[in-house]
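Notes follow once the structure below has been shown.
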Amino acid sequence: MNSSSVTAQDPSDLRALRDVLGSFVTGVTVVTTIDTDGTRWVVRYRCHRGDDD
Amino acid sequence: MAPAGSFVTGVTVVTTIDTDGTRWGLTANSFSSLSLDPPLIVWSQSLNARSHLVFRRAERFAINILAEDQIDLANRFASRSPDKFEGVATVAGLGDVPLIDGTLAVLECVRESIFPGGDHVLFVGRVERMASRPLRPLAFGPGGYLVTQSHNGSATA
């Protein structure tokens, strides 16, 4: 049993939500594709990040 | 090419309660955040899982994100034990869904939608309440359970 104090947080608080979700470990991927013009696209993705960097 | 198992994840126990008041839970690492606004998460379950019909019918579930000292809980809820909750400290959350004590974080969710995914289904949940503790996460990856430490940021390739 872990005795660390629990902190309740409001899911509508985006910063708090991001912090709690960020406690889940993930690997890091780079998602790639190519469009019909031959341009290569890349998105770095990890938890909560699906935007072009 | 590395297999899917090379992707490191945290470890969760997803819990719910059925209409008879029976508590259900399973270990899952197929969890991900989906949306911040609205607050949505997603996890997937095999169609062959014993608890699949229970979760398909459940309106609520909880994602319990395990701390690094909770390997025993991860193994217990990954087993076919007849009573996975025996001896496990829990509190009743929203809708009486059992919340496991001592976890790194818990997300209490109402089921938003279900999507087919081959031999799995995707459960999307809207987070209604959440809590966390300042603990280190349990991780799972190649070779089994892992603990995390910060990367020093320098290239190793």
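The values are calculated or read from the model by the stated rules, or taken from the named source; none is laboratory data. Predicted model only: the values in this text are computed from it and were never measured. Neighbour counts run over all protein chains shown; Cβ positions are idealised from the backbone, glycine included.
Among the residues of the stretch B:47-74, count how many are loosely packed, with under 15 Cβ neighbours inside 10 Å, closer than 17 Å to B:Phe31 by Cα and not aliphatic (A, V, I, L, M). Count: 1.
Put simply, of A:Ala8, A:Ala16 the only residue that is within 7 Å of chain B (Cβ to nearest Cβ) and modelled with pLDDT of 90 or more is A:Ala8.
In the stretch B:10-35, the qualifying residues are those that are of a type in the set (Ser, Thr, Tyr) and under 17 Å from B:Val106 (Cβ atoms), and the one that is farthest from the other protein chains (Cβ to nearest Cβ) is B:Thr16. Looking across the stretch B:100-113, the residues that are touching a Ser or Thr at 6+ places or on another chain (Cβ under 6 Å) and not in a loop (DSSP other than H, G, I, E, B) come down to B:Ile100, B:Ala105. Scanning the stretch B:89-113 for residues that are out of contact with any Leu (no Cβ under 7 Å at 6 or more places or on another chain) and either more than 14 Å from chain A (Cβ to nearest Cβ) or free of Cβ contacts under 8 Å to residues at least 24 places away in the same chain (or both) turns up B:Ala89, B:Ala92, B:Gly95, B:Asp96, B:Val97, B:Pro98, B:Asp101, B:Arg111, B:Ser113.
The residues of the stretch B:119-154 that are at the interface with chain A (Cβ under 8 Å from one of its Cβ atoms) and part of a loop (DSSP other than H, G, I, E, B), listed by number, are B:Arg133, B:Pro134, B:Leu135, B:Thr148.
You will find that of B:Arg56, B:Arg23, B:Arg76, B:Arg60, the residue that is touching a Pro at 6+ places or on another chain (Cβ under 7 Å) and modelled with pLDDT of 95 or more is B:Arg23 and no other. Contact map, the stretch A:11-22: residues that are free of Cβ contacts under 8 Å to residues at least 12 places away in the same chain paired with residues that are among the polar types (S, T, N, Q) and surrounded by 14 or more Cβ atoms within 10 Å (Cβ to Cβ), Cβ distance under 6 Å, separation 6+ or inter-chain. Pairs shown: A:Ala16/A:Gln9; A:Val20/B:Ser132.
Checking each residue in the stretch B:1-46 for being crowded, with 20+ Cβ neighbours inside 10 Å, hydrophobic (A, V, I, L, M, F, W, C) and outside any strand (DSSP E or B) picks out only B:Val11. What do you reckon, is B:Leu36 farther than 17 Å from B:Pro116 by Cβ and in contact with a helix residue (DSSP H, G or I) (Cβ under 9 Å, 6 or more places away or on another chain)? Here the answer is yes, as B:Leu36 does meet what is asked. So, B:Thr90, is that one more than 14 Å from the chain's Cα centre (by Cα) and under 21 Å from B:Gly10 (Cα atoms) or not? The answer is yes for B:Thr90. Taking the stretch A:28-51 as the range and being assigned to a loop (DSSP other than H, G, I, E, B), modelled with pLDDT under 90 and surrounded by 10 or more Cβ atoms within 10 Å (Cβ to Cβ) as the test, the residues that pass are A:Cys47, A:His48, A:Gly50.
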